[in-house]
Amino acid sequence: MPKQDIPKAYEARDYEDDIYATWEKSGFFNPDNLPGERKETFSIVLPPPNVTGTLHMGHAVMLAIEDIMVRFNRMRWRKTLWLPGTDHAAIATSTKVETILYKTEGKTRHDLGREEFLHRVEKFAQDSHDTIVNQCRKMGASLDWSREAYTLDAARNMAVNAAFKKMYDDGLIYRGYRVVNWDPLGQTTISDIEIVYKEVEATLYTFRYSKDFPISISSTRPETKVGDTAVAVHPEDERYKSFIGKTFENISFAGTMISIKVVADDSVDPTFGTGALGVTPAHSLIDADIAKRHGLAMKQVIGEDGNMTEAAGPLVAGKTTKQARETVVDWLRQEGLIEEEEKTIQNLATAERSGGVIEPMPMLQWFIDVTKEFERDGKTVTIKSLTQTAVRSGAIKIIPERFEKGYFQWVDNLRDWCISRQLWYGHRIPAWYRHEEIFIGTQPPEGEGWQQDSDTLDTWFSTGIWTCSTLGWPEQTSDLSTYHPTSVLETGYDILTFWVVRMVMMTTYLLNEVPFKTVYLHGLVRDELGRKMSKSLDNIINPLDMIASYGADATRLSLVIGSTPGNDTKLSVAKVAGYRNFTNKLWNISRFVLMSVGEVRHIAESELQPQTLADRWILSQFHLLQREITDHLEAYEFSQAGEKLRDFTWNQFADWYLEIAKIQKGSTTDHILLYLLERLLAYWHPFMPFVTETIWKQIDPEQLLMVHEWPLSPEPLIDLHAQRLFVQLQESIVAIRNIRSQHGVAPKQKINVIVVGQTTMQEHPEVVRALAGVESLVFQNEIPSGEYTSSVVGEIQLFVSLEGLVDKEQEHLKLTKERESTWKYAQSLEQKLANQEFVSKAPEQVVASMRANHAEALKKLTLIDSQLNSVARS
RNA sequence: GGGCGGCUAGCUCAGUUGGUUAGAGCGCCACAUUGACAUUGUGGAGGUCACAAGUUCGAAUCUUGUGUCGCCCACCA
C-alpha cells in the first residue's frame, strides 16, 4: 500500500478476515513451525466450549485473555502452544437436542431410539462446533487448529477408557448400590453440583405414625414416610432417651405396615421441630448416612418414574408423589394424627438441566472413591489428599489467591463422585457384563455373550483429563512431555469446583503431576442489569455483533482493560466504542509517523541519537514503560499493562512527542518515531492483533508481527534528569494554555509571554511557541509594569500580556483559594516534620521529599502573596 | 447456618506488600473545525475512599465492629 493511500480511519472489517487467514496460512499457530531456537515452553489448553450453541461474551473474555497470554509468550520466544477443542457436554447437549426435538417434532429420545437420537445429537454438535470455531477465528484467537480435539473423538475416548480402567484396577472406581440423586424428568442420575435449589412454599406437617407411637416427627414430605425405618433423636435429648434402641414393630401407617427403630445420632438438632427425625434411608442422602451408621433397613418407596412403588403400600402405590402426599395427609387427618401444620419455605432440589425435582433413591451406579488409600511415592494418599496437596504445596497457584479458600472448602467436603449417567450421548462406560462376570477394558472383551454397560460417563470425567488427553495421553507422546504440565489454566471462577478440582483430582492421580501450574480465574461478564449471561436466561450478547460494529481489537480491549481477575464486569457498548476510538488513534499515530518520515525501515537500538530534551524524555519514558509492561504481562496483570500502554501511546507519545516532532524534523527524529512505533505495535499486538498486524505490513511486509521478538532493551536508556526537565517544560506549557483558556483566547491567536526567572522554557523556546501558541517569548529578571494576567509555575512567574482580558475579581478569588490550599499543605508538612519520631522512623527519601515540598510550598506562598498584592494595587 | 467478595468522582472501575497533595476511561462544562486523527484537540469542574473505633510518625490500604449489596457452600428433617 503506497503511503498516501493509508485511509484516514481504521475500518476493522476491511482487514480482520484477511489478517486471520494470513496468520493461519503462515502455520505459526503451530509451535512446531515457530522460527528460531526456543528453550522455554508455554502451553494452554483452551477450556473446551460446550457444543450447545454459540459463543457468548464469557467465551470472548476467555479467548481475549488467553490470546494475550499466548501472543505475548510467543513473542517472548517461548515454544507456545494453545490447543483448541470442544466439549460434547453430555447432559447439556443431550437436553438441548431433546428440547428441540420435542418442540419441533413432539417426540422424545425414546421415540427415536438410541442410534437415531445419537445421529441427531451429532449433527447438532457438528453445526455448533463449526459456529464456535468460526467465532474463535473472528476473535483473533491464535489457536493451533492442527491439534484440535473433541471430548468424544477416538483419541479422547481411548484416554477416557484408559483412565477408567486404571482407576478400576487400582480400586478407586467401584460399582455400588447407593442413594444417588435421581432426576425423574431427565431419567438420569446427576452429581451434587448439578443440583440447583429453588425456594418453594411448602407445608411442614408435625404428626405421629400412629396413636401408639410415642414420638412426633415433622416432614414436608409425608408420603416418603411410608419408607421410614427409624426415628433419630439426639443422644442427649432427655425427652426421648428412654426410647433409644427400642423398635416399634408393625405400625399401621397410611395403608402399609412399617417398623421403626429409635436411634441416637449426633447429627440431629434437638431444637428443630420436635427434635426427632423420621429416617427415610432410601430417599434422603442424609438419612442414608444415618441408616449406614446404625445398620438400618432401606425401603424404596419411590420408583425411577417418580411415582410410588408397590412397596409403598396399596393406598399410594402407582400415584405421583404429589397425589400420594395428599392421600397420606388425608389419612393422617382422618386418623387425627396431625399435631401441627406450618407454612415454610423449602429449598427444593432440582436438576440444573432438565429442571426435574430430584428424588434421592438407591441405585446401582459407578463411583469414584475419593477417600480410598493407596501408595504414592512411598506415602499413603487418597485422591482427596492429592487434590489438596497440589494447591497447598504451591505446585498450583490460583489467581486471585482468595479463591484457594473456596477450593479447599470444596475439596475438604468432597464425597464419592457418582460418574455414571443414564444418557445416550457421551462416553459409554467401558464395562462389559456376562452372567456374574464383569470386564473392564479399553477394548471389548473376547468371546460371546458380553453385554456393555448401557450407561455413559459424567461429562466432567472426560474433561477432568483434558490437559493430558489432548496432548496424547495415555501414549507417551512428545507433545505430552513437552507441554505437560500446561503453564496456565484460564477459566471462569464459576467452574472452579466443577472443572478445576476435577482436573487436579484426575490428573495428579493418573500422571503423578499437576495439570497446570497456574490457574487464572476471570470474572463473569454480566449484562447491563448486572445479571449473569446464560443460555437459560436468554440474555446472551453475541460477541460477533460487537466485532461487526467496532472490530475484534476493540472488543478484546473492552473485555480486558479495566477488569481484574475474579471480579465480574458489566458489558457496555460505550466501553467498546471507546476502545474502537483508541484503535483508530493508534492507526492515525502510525499513519502520521509513516507519512512524515523519509524512509520506513527497522531502526536498531544503536541507531538512536537522541538530541533534544524531548528525544531524551520520550526514550526514557519508553524504556521505563517496556520494563513495566513486560513485568505486568509476566505477572498476568493484563489490565494494568494495557492501561500503561494506553497512557504512553496517547498521552505521551501522541499528545507530546508527535507535536514536538512536527517542529523538530530531521533524521534523528524520524528514527525515534520509527523506533517507538515499531515497538509500540509489538507491545500492543497481544491486545489488538489485527490493527497492529495491519499497520506492521507497512513497516515489514516480509515478517509477521505475530512472530516478531518481544522488544526489550538490554540496557535501558533511562534519563531521570531529562524526565524532570521535560515535566517542568510541560507544566510551563500547560500553565500558558491554562491562562489562554481562562481568558478565552482562541487557539490560533498568538499571545506574548514574559517569563520572570530561570526556566527550562529558556532552552526550548520553539517548543513553547508551537505548543502554547506563543508569539514572542521574553525572559527577564524583573516584574514588568502594565496590564498582565499571571500564573505561577514552581518558582517561575509568567506574565502573559493580554490586554483588556484580566478579570481582577476572579483572579483575586483564585489566588486566595490557591493560597489557602498551599498554606494548609505547608502546615501539614511542617507538623509532620516537626515530629521527631516521624523523622527518625520514616524512610529518608520520604522525609527528604517532604522537606523539599515544604520549601517549595513556602516559596509558592510568597509568590502568591506578591501576586495578590499586585492584583490589589492595580 | 458457614464462607467469600464489593462499597473510591455523575457512571464503570484501577489503586501490587501502609508513605509526597487518591487515579483512569466514559460522561459533564467551556473553547476550538481543512495537513495523523472530530472515532479529534485544549482547558476545567467533580471524591470525608460506606460508617465507627483502634494500631501507627503516617491508613483507601492493617485490626475489630456496624451497615448495605452480591456470590458460593450447606439444606431444618
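Quick look at the values:
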{"item": "Dipole in debye (nearest 20) - chain A, about Cα centre, beta carbon charges: Lys, Arg +1; Asp, Glu -1", "result": "1180 debye"}
{"item": "Extended-chain gain in nm, criterion 0.36 nm per residue less alpha-carbon gap, A:Ser713 and A:Glu373", "result": "117.0 nm"}
{"item": "Relative compactness, the range A:1-84, computed as alpha-carbon Rg over 2.2 N^0.38 Å", "result": "1.35"}
{"item": "Residue-count net charge about A:Gln451 - beta-carbon cut-off 13 Å; Lys, Arg +1, Asp, Glu -1", "result": "-3"}
{"item": "Rh (Kirkwood; distinct C-alpha pairs) - the range A:388-455, Å", "result": "15.6 Å"}
{"item": "Whether the range A:37-83 is rounded, prolate or oblate, judged on the alpha carbon gyration tensor where a/c under 1.5 counts as rounded", "result": "prolate"}
{"item": "Only Lys, Arg (+1) and Asp, Glu (-1) charged, at Cβ; the range A:433-507 dipole about Cα centre in debye", "result": "300 debye"}
{"item": "Extension gain (nm, one decimal) between A:Thr108 and A:Ser210, 0.36 nm per residue minus Cα-Cα", "result": "32.3 nm"}
{"item": "Net charge dipole size for the range A:445-595 [Lys, Arg +1 and Asp, Glu -1 on Cβ; Debye, nearest 20]", "result": "1300 debye"}
{"item": "Hydrodynamic radius (Kirkwood) for the range A:680-791, which is based on Cα pairs only, to one decimal in Å", "result": "17.7 Å"}
{"item": "Cα-Cα over 25 Å, subset of A:Lys79/A:Lys532; A:Lys585/A:Lys665; A:Lys25/A:Lys697; A:Lys25/A:Lys123", "result": "A:Lys79/A:Lys532; A:Lys25/A:Lys123"}
{"item": "A:Asp455 long-range amide H proximity, modeled H, under 5 Å", "result": "A:Ile429"}
{"item": "Highest to lowest packing among A:111-119, A:183-191, scored as the average C-beta count within 10 Å", "result": "A:183-191, A:111-119"}
{"item": "Partners for A:Lys832 among lysines (Cα-Cα distance below 28 Å; same-chain residues under 8 apart left out)", "result": "A:Lys814, A:Lys817, A:Lys824, A:Lys841, A:Lys859, A:Lys860"}
{"item": "Packing-based order for A:413-426, A:739-752, using average beta carbon neighbours within 10 Å, highest first", "result": "A:413-426, A:739-752"}
{"item": "DSSP-assigned coil residues among chymotrypsin sites (Phe, Trp or Tyr not before Pro) in the range A:206-305, each with at most 12 further Cβ atoms within 10 Å", "result": "A:Phe272"}
{"item": "Distance between the range A:220-275 and the range A:624-666 - C-alpha centres, whole angstrom", "result": "73 Å"}
{"item": "Positive-end residue of A:Thr224, A:Phe164, A:Gly176, charge dipole of the range A:137-249 with Cβ unit charges", "result": "A:Phe164"}
{"item": "Spherically averaged projected area of the range A:570-650 from its Cα convex hull (nm²)", "result": "7.1 nm²"}
{"item": "Cut-off 13 Å between beta-carbons: net charge of the residues surrounding A:Tyr550, Lys and Arg +1, Asp and Glu -1", "result": "+1"}
{"item": "Between 0 and 90°, nearest 10: helix A:114-138 axis offset from chain A longest Cα axis", "result": "10 degrees"}
{"item": "Cβ-Cβ FRET estimate between A:Lys39 and A:Gln409, R0 fixed at 45 Å, reported to 0.05", "result": "0.70"}
{"item": "Under 24 Å from A:Lys261, Cα to Cα: lysines that are on another chain or at least 8 residues apart", "result": "A:Lys211, A:Lys225, A:Lys241, A:Lys246, A:Lys292, A:Lys299"}
{"item": "Cα pair count fraction exceeding 21 Å, expressed as % - the range A:1-157", "result": "56 percent"}
{"item": "Gyration tensor verdict on the range A:362-502 (Cα atoms; rounded if a/c is under 1.5, prolate if a/b is larger than b/c, oblate otherwise)", "result": "prolate"}
{"item": "Span per principal axis, largest first, for the Cα atoms of chain A (Å)", "result": "116, 64, 59"}
{"item": "Prolate/oblate/rounded call for the range A:506-624, Cα gyration tensor, a/c under 1.5 rounded", "result": "oblate"}
{"item": "When each of A:Lys103/A:Lys198; A:Lys138/A:Lys165; A:Lys165/A:Lys379; A:Lys166/A:Lys379 is checked by Cα-Cα distance, pairs over 30 Å", "result": "A:Lys138/A:Lys165"}
{"item": "Sulfur and carbon atoms: percent of accessible area, chain A [1.4 Å]", "result": "49 percent"}
{"item": "Protection proxy ranking, peptides A:450-458, A:568-576, average beta carbon neighbours within 10 Å, highest first", "result": "A:450-458, A:568-576"}
{"item": "Difference of contour (0.36 nm per residue) and Cα-Cα distance, A:Lys8 to A:Ser667", "result": "234.7 nm"}
{"item": "Cleavage-rule hits (GluC sites (Glu not before Pro)) in the range A:594-645: DSSP loop, at most 10 neighbouring Cβ within 10 angstrom", "result": "A:Glu599"}
{"item": "Angle in degrees between helix A:720-742 and the longest Cα principal axis of chain A, rounded to the nearest 10", "result": "80 degrees"}
{"item": "Local net charge near A:Gln611, Cβ-Cβ under 15 Å (Lys/Arg +1, Asp/Glu -1)", "result": "-4"}
{"item": "Per residue accessible area of the range A:133-190, 1.4 Å probe, in Å²", "result": "34 Å²"}
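The values are calculated or read from the model by the stated rules, or taken from the named source; none is laboratory data. Please read all numbers here as calculations on a predicted model, not as lab measurements. With ideal geometry, Cβ positions are generated from the backbone for all residues, glycine too; neighbour counts draw on all protein chains shown. Protein only, heavy atoms only, side chains kept; ligands, DNA and RNA dropped before computing areas. Shrake-Rupley method; radii C 1.70, N 1.55, O 1.52, S 1.80 Å.
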